[in-house]
Amino acid sequence: MHHRFVSAVAVAGLVACGSPAAKDAAVPDSKAPANAPAVIAVPSTVPKPVIPEAGKPPLIPPDPMQRVIAVNQGYSLASATMVHQDGRMLSQLYHADAALKTPEGTILGNAAIVSHLLTLARDKSLKGIERTSKRLETLDDSTMADSGSYVMVLKRSERDSVLERGRYATKWRVRSDITRWVILEDYLAPGAAPKAKGAR
């Protein structure tokens, strides 16, 4: 009698599982947790991959022409700011602890250098400085050394000007923006006495 009761219960259970009512009963409660495949949680902020030092682009451009262009742009901007007495822009071309060396002595610090160059330009009635690079070399991963000759065009009168020639040696601190390198050291050494423009 006991065995027949167990069998009957088992058969009833199988029938119930296959019946429409059982299927309706199998619909999960909307408030119950969904029996969905597991989802891997992704953090809202994904950390950026660390780029090794070796993978960083070099500060000094590998193309020599880009180096020349960068320093020439710096020299041209320095000349223009001196002529136009733009101390704010000129100060951006020199490092905070830069040194300006002349045969008369050494001037230290950005503010003192800017003041000296603006006074020089005003006293000499400067019309412009043209530098011609003779040697541009890499000292380390962020420092370049440039040297060559310069011609300082001085206004003598409304119709005439004189040329002052000399030598220069400049150290540049290279930054990621190659149009905004800064000068660490600038050495200016006038040569012979100024000559009238066009004179030999």
request  = Looking only at region 86-121, count how many residues are touching a helix residue (DSSP H, G or I) at 6+ places or on another chain (Cβ under 9 Å) and part of a helix (DSSP H, G or I).
outcome  = 14
request  = Within region 112-138, work out how many residues are without any contact (Cβ under 8 Å) to a residue 60 or more places away in the chain and surrounded by 13 or more Cβ atoms within 10 Å (Cβ to Cβ).
outcome  = 16
remark   = Matching residues in region 124-168 (in a loop (DSSP other than H, G, I, E, B) and under 31 Å from the mean Cα position of the chain (by Cα)) number 2
inquiry  = Tell me whether region 140-159 contains one or more residues that are touching a residue at least 60 places away in the same chain (Cβ under 8 Å) and among the basic types (Lys, Arg).
reply    = no
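The rows are residues; the columns are (1) closer than 30 Å to residue 63 by Cα; (2) in contact with a strand residue (DSSP E or B) (Cβ under 8 Å, 6 or more places away or on another chain); (3) of a type in the set (Ser, Thr, Tyr).
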{"residue": "110", "(1), (2), (3)": "yes, yes, no"}
{"residue": "122", "(1), (2), (3)": "no, no, no"}
{"residue": "133", "(1), (2), (3)": "yes, yes, yes"}
{"residue": "136", "(1), (2), (3)": "yes, yes, no"}
{"residue": "143", "(1), (2), (3)": "yes, yes, yes"}
{"residue": "149", "(1), (2), (3)": "yes, yes, yes"}
{"residue": "156", "(1), (2), (3)": "no, yes, no"}
{"residue": "167", "(1), (2), (3)": "yes, yes, no"}
{"residue": "171", "(1), (2), (3)": "yes, yes, no"}
remark   = Restricted to region 94-110 and to residues being small (Gly, Ala, Ser) and surrounded by 13 or more Cβ atoms within 10 Å (Cβ to Cβ), the residue nearest to the chain's Cα centre (by Cα) is 98
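Each reported figure results from applying straightforward, stated rules to the coordinates on display, with no laboratory input. No experiment lies behind these values; they were computed from the predicted model shown. Here Cβ is always computed from backbone atoms with ideal geometry, including for glycine, and neighbour counts include all displayed protein chains.
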